[in-house]
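Student: Encoded as structure tokens, here's the structure I'll be asking about.
The values are calculated or read from the model by the stated rules, or taken from the named source; none is laboratory data. What you see is a predicted model; the values in this text were computed from it and never measured. Please note: Cβ atoms are built from the backbone with ideal geometry, for glycine as well, and neighbour counts cover all protein chains shown. Quick note on the areas: whole protein, heavy atoms, side chains included, nothing else; ligands and nucleic acids left out. Shrake-Rupley method; radii C 1.70, N 1.55, O 1.52, S 1.80 Å.
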Amino acid sequence: MPQLDFSTYASQIFWLFVTFGLLYWLVVKKVLPSVGGTIEHRRARIADDLDEARRLREASEKALAAYEDTMKGAREKAHGIVSEHKAKITAELEAERTRIEAELAAKIAEAEAKTREAKEKALKELDGVIGELAGEIVARVTGDKVSEADLKKAVEKVLG
Amino acid sequence: MAAGGNGGPSREDLDALGEKLAEHERRQAGEERRRRRRAASPYGFGFRLVTELVAGVAAGFLGGWALDRWLGTSPWFVLLLTPMGMAAGILNVVRAARSAEGERHLDAIAAAEEEARKGSGKKE
Amino acid sequence: MKGEAAHGAAEAAGGLALDPMHQFQIQRIIPFKLGGLDLSFTNSTLWMFIVVGVCAAFLLLGGSRLVPSRWQSVKEMTYEFVAGMMRDILGDSGRAFFPFVFTLFMFILVANMLGMVPYSFTVTSHIIVTFTLALVVFILATAVGFVKHGAGYLKMFVPSGVPAYMLPILIPIEVISYFTRPISLSVRLFANMMAGHTMLKVFAGFVVALGILGGWAPLAMMVALTGLEILVAFLQAYVFAVLTVIYLNDAINMHH
């Protein structure tokens with residue numbers, strides 16, 4: 001087994017130290033700054049970006065909440081104003097309506113009174129006309145002259 | 001009530017961003033666990049146990065031989081230290097097995113956590 | 001010298017039959033002696049330099065951009081792999097040892113991998129190389145333990161929770177157990193590399209011996225074995241690095 005050939009040991013140990021030391025030196029001087037540095041840089045960058053994203057998210061969350069609050073307030077206020085106006089307008093309408101109704105009722109009552117008056121007057125005049133007409137008819141039919149008082153009595157008797 | 005529509009950030013956008021951030025955190029935690037869970041292959045593990053035993057005997061024998069040579073007490077230290085080396089080898093095997101047991105234990109915990117996480121994820 | 005003789009005999013026996021041990025032969029390229037020590041530049045030395053060269057090329061080329069190229073990703077994955085492993089075992093207290101562990105891992109990994117190339121030489125298939133590496137690790141860990149804890153580091157050998165009359169037996173056992181570390185560490189790597197590569201060469205010998213007609217079965221076997229060997233090459237480098245970190249952890253935090 002070549003592995004047990006002691007005569008090669010010194011050379012292998014010596015060169016192992018040389019090459020391993022060389023690689024160690026390379027790792028410390030070159031690899032760590034470049035590879036390790038890049039990884040650290042990237043990690044810091046990603047962590048920063050994530051923090052920033054988180055911070056911005058929280059800020060937007062807050063802004064959104066504030067916005068929603070404001071919106072809610074405004075909506076409530078608008079709602080209040082609208083209903084207030086609505087009530088006012090309703091009340092005004094109601095008043096106008098009652099006023100007009102009252103006016104109309106008064107006008108109707110007046111008109112009715114006038115009509116009644118006219119009717120009564122007409123009826124009263126009708127009594128006289130009927131009496132005259134009846135006297136005329138009696139005179140033509142009988143040739144008699146009927147006194148005005150009798151006529152009136154007779155008409156009143158018929159009309160009642 | 002959706003508040004967007006005018007180009008500003010909407011509730012959905014924010015929720016999506018939050019979900020992404022949380023997802024990133026979860027993934028990182030998972031990676032950490034997975035790294036801890038790397039178990040040795042059974043072949044390598046068996047070989048390790050055998051070498052521990054052989055190395056124990058070898059160390060005992062070599063130590064005894066060196067002491068005998070130094071103190072001129074041949075063969076007593078070899079006779080004394082070789083069995084002790086065997087015992088040391090067995091001790092090392094037990095320790096290795098126990099640490100492997102511990103690793104498996106960690107495995108089980110990690111698996112349970114994974115399961116629980118999946119379960120709660122489904123409920124959401 | 002014996003090995004060289006055997007090698008010569010194998011060649012005399014006919015160039016076709018490949019001696020599976022031949023690949024482990026050390027050959028002087030530039031003989032060189034210093035104070036009675038044979039420090040010749042050998043094929044092993046050459047491959048050690050090739051290992052360093054490949055490591056350096058892998059680690060230094062490929063750029064270092066914020067958004068990595070594919071090569072850079074692999075490179076950074078390797079770096080993160082070792083760094084993550086160290087973080088898991090040692091926490092942040094072991095950052096000072098990262099360059100050492102990373103160098104160790106890269107050196108062994110590349111040496112193991114280069115050993116798969118036909119006609120190459122596997123540096124890590126020699127026990128003296130793996131043992132030297134293990135011994136460096138062992139001495140480093142022990143030194144760290146004594147620097148950190150002073151003489152208190154010797155308490156490491158006193159098992160806790162056992163009756164006092166057992167200590168005269170248990171302390172020597174603990175001491176021997178401590179000293180088995182470099183042995184098991186080096187033997188594991190060496191034996192894995194040697195066994196795997198010998199097996200590959202044996203099957204390669206079958207392929208050559210059976211020729212085109214019968215060589216397919218061992219060739220398929222060789223392909224499968226090569227896959228396994230790549231895994232083993234990686235695993236052994238990883239195990240070596242992990243155990244190094246575990247030993248350092250024992251020394252820093254003092255528990256076995």
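Student: Among the residues of segment A:23-39, is any of a type in the set (Ser, Thr, Tyr) and modelled with pLDDT of 95 or more? Lay out the reasoning, then the answer.
Tutor: Pass one, segment A:23-39, residues of a type in the set (Ser, Thr, Tyr): A:24, A:34, A:38.
Those left that are additionally modelled with pLDDT of 95 or more: A:24.
Within segment A:23-39, one or more residues are of a type in the set (Ser, Thr, Tyr) and modelled with pLDDT of 95 or more.
Student: With the requirement that a residue be of a type in the set (D, E, K, R) and in a helix (DSSP H, G or I), what does segment A:1-47 give you? Don't jump to the end; show me each part of the working.
Tutor: We begin by selecting, within segment A:1-47, every residue of a type in the set (D, E, K, R); these are A:5, A:29-30, A:40, A:42-43, A:45.
Listed by number, the residues that qualify are A:LYS29, A:LYS30, A:GLU40, A:ARG42, A:ARG43, A:ARG45.
Student: Let me ask something else about it. For segment C:81-101, name all the residues that are free of Cβ contacts under 8 Å to residues at least 40 places away in the same chain and at the interface with chain A (Cβ under 10 Å from one of its Cβ atoms).
Tutor: C:ALA83, C:PHE98, C:PRO99, listed by residue number.
Student: Mind counting the residues in segment C:60-75 that are part of a loop (DSSP other than H, G, I, E, B) and within 11 Å of A:THR38 (Cβ to Cβ)?
Tutor: 7
Student: C:SER93 - would you say it is part of a helix (DSSP H, G or I) and closer than 22 Å to B:SER99 by Cα? Please lay out each step first, then the result.
Tutor: Details: part of a helix (DSSP H, G or I): yes; closer than 22 Å to B:SER99 by Cα: yes.
Criteria met by C:SER93.
Student: If you don't mind, another one. Under the condition of being assigned to a helix (DSSP H, G or I) and among the hydroxyl-bearing types (Ser, Thr, Tyr), which residue from segment B:51-96 is farthest from the other protein chains (Cβ to nearest Cβ)?
Tutor: Initial filter on segment B:51-96 (assigned to a helix (DSSP H, G or I)): B:51-71, B:76-96.
Applying the additional criterion that residues be among the hydroxyl-bearing types (Ser, Thr, Tyr) yields B:51, B:82.
Details: B:THR51: 5, B:THR82: 10 Å.
Of everything passing the filter in segment B:51-96, B:THR82 is farthest from the other protein chains (Cβ to nearest Cβ).
Student: Go through C:PHE206, C:PHE179, C:PHE190 for me and flag whichever is within 14 Å of chain B (Cβ to nearest Cβ), assigned to a helix (DSSP H, G or I) and open to solvent by 60 Å² or more (accessible area, probe 1.4 Å).
Tutor: Numbers: C:PHE206 fails: within 14 Å of chain B (Cβ to nearest Cβ); C:PHE190 fails: open to solvent by 60 Å² or more (accessible area, probe 1.4 Å).
That would be C:PHE179, the only listed residue that is within 14 Å of chain B (Cβ to nearest Cβ), assigned to a helix (DSSP H, G or I) and open to solvent by 60 Å² or more (accessible area, probe 1.4 Å).
Student: Another question, if that's okay. With the structure loaded, tell me whether C:ILE173 is closer than 29 Å to C:LEU225 by Cα, buried (at least 19 other Cβ atoms within 10 Å of the Cβ) and within 8 Å of another protein chain (Cβ to nearest Cβ) or whether it fails that test. Give the steps one after another, and end with the answer.
Tutor: Working: closer than 29 Å to C:LEU225 by Cα: no; buried (at least 19 other Cβ atoms within 10 Å of the Cβ): yes; within 8 Å of another protein chain (Cβ to nearest Cβ): yes.
Answer is no for this residue.
Student: Of these, C:ILE139, C:ILE128, which one is modelled with pLDDT of 90 or more, touching a helix residue (DSSP H, G or I) at 6+ places or on another chain (Cβ under 6 Å) and more than 14 Å from chain B (Cβ to nearest Cβ)? Break it down stepwise before answering.
Tutor: Working: C:ILE139 fails: touching a helix residue (DSSP H, G or I) at 6+ places or on another chain (Cβ under 6 Å).
The unique qualifying residue is C:ILE128.
Student: Checking C:SER40 against (1) more than 28 Å from C:THR226 (Cβ to Cβ); (2) among the polar types (S, T, N, Q); (3) open to solvent by 30 Å² or more (accessible area, probe 1.4 Å), only one condition comes out false. Which one?
Tutor: Answer for C:SER40: the failing condition is (3).
Student: Among all residue pairs at least 6 apart or on different chains, which show Cβ distances below 8 Å where the first residue, located in segment A:28-55, is at the interface with chain C (Cβ under 10 Å from one of its Cβ atoms) and the second is loosely packed, with under 11 Cβ neighbours inside 10 Å?
Tutor: A:THR38/C:ARG65; A:THR38/C:LEU66; A:HIS41/C:LEU66; A:ARG42/C:LEU66; A:ARG45/C:LEU66
Student: Continuing with this model, one more query. Would you call A:ILE81 β-branched (Val, Ile, Thr), under 30 Å from B:ARG11 (Cβ atoms), within 10 Å of chain C (Cβ to nearest Cβ) and part of a helix (DSSP H, G or I)? Show your work before the answer.
Tutor: Numbers: β-branched (Val, Ile, Thr): yes; under 30 Å from B:ARG11 (Cβ atoms): yes; within 10 Å of chain C (Cβ to nearest Cβ): no; part of a helix (DSSP H, G or I): yes.
Here the answer is no, as A:ILE81 does not meet what is asked.
Student: Going by the conditions given, is C:PHE121 of a type outside the set (D, E, K, R), at pLDDT below 95 and closer than 24 Å to C:MET48 by Cβ? Step through it out loud before you land on a result.
Tutor: Numbers: of a type outside the set (D, E, K, R): yes; at pLDDT below 95: yes; closer than 24 Å to C:MET48 by Cβ: yes.
In short, yes.
Student: Restrict the check to segment C:239-254 and report whether at least one residue is touching a helix residue (DSSP H, G or I) at 6+ places or on another chain (Cβ under 7 Å), under 20 Å from C:LEU185 (Cβ atoms), within 13 Å of chain B (Cβ to nearest Cβ) and open to solvent by 50 Å² or more (accessible area, probe 1.4 Å).
Tutor: Scanning segment C:239-254, I find at least one residue that is touching a helix residue (DSSP H, G or I) at 6+ places or on another chain (Cβ under 7 Å), under 20 Å from C:LEU185 (Cβ atoms), within 13 Å of chain B (Cβ to nearest Cβ) and open to solvent by 50 Å² or more (accessible area, probe 1.4 Å), so the answer is yes.
Student: Further, regarding this structure: So, in segment C:127-143, how many residues would count as being open to solvent by 20 Å² or more (accessible area, probe 1.4 Å), in contact with a Leu (Cβ under 8 Å, 6 or more places away or on another chain) and more than 13 Å from C:SER184 (Cα to Cα)?
Tutor: 1
Student: In this structure, is A:VAL18 in contact with a Ser or Thr (Cβ under 7 Å, 6 or more places away or on another chain), without any contact (Cβ under 8 Å) to a residue 12 or more places away in the chain, farther than 30 Å from B:ASP15 by Cβ and within 10 Å of chain C (Cβ to nearest Cβ)? Working first, answer last.
Tutor: Details: in contact with a Ser or Thr (Cβ under 7 Å, 6 or more places away or on another chain): no; without any contact (Cβ under 8 Å) to a residue 12 or more places away in the chain: yes; farther than 30 Å from B:ASP15 by Cβ: yes; within 10 Å of chain C (Cβ to nearest Cβ): yes.
The answer is no for A:VAL18.
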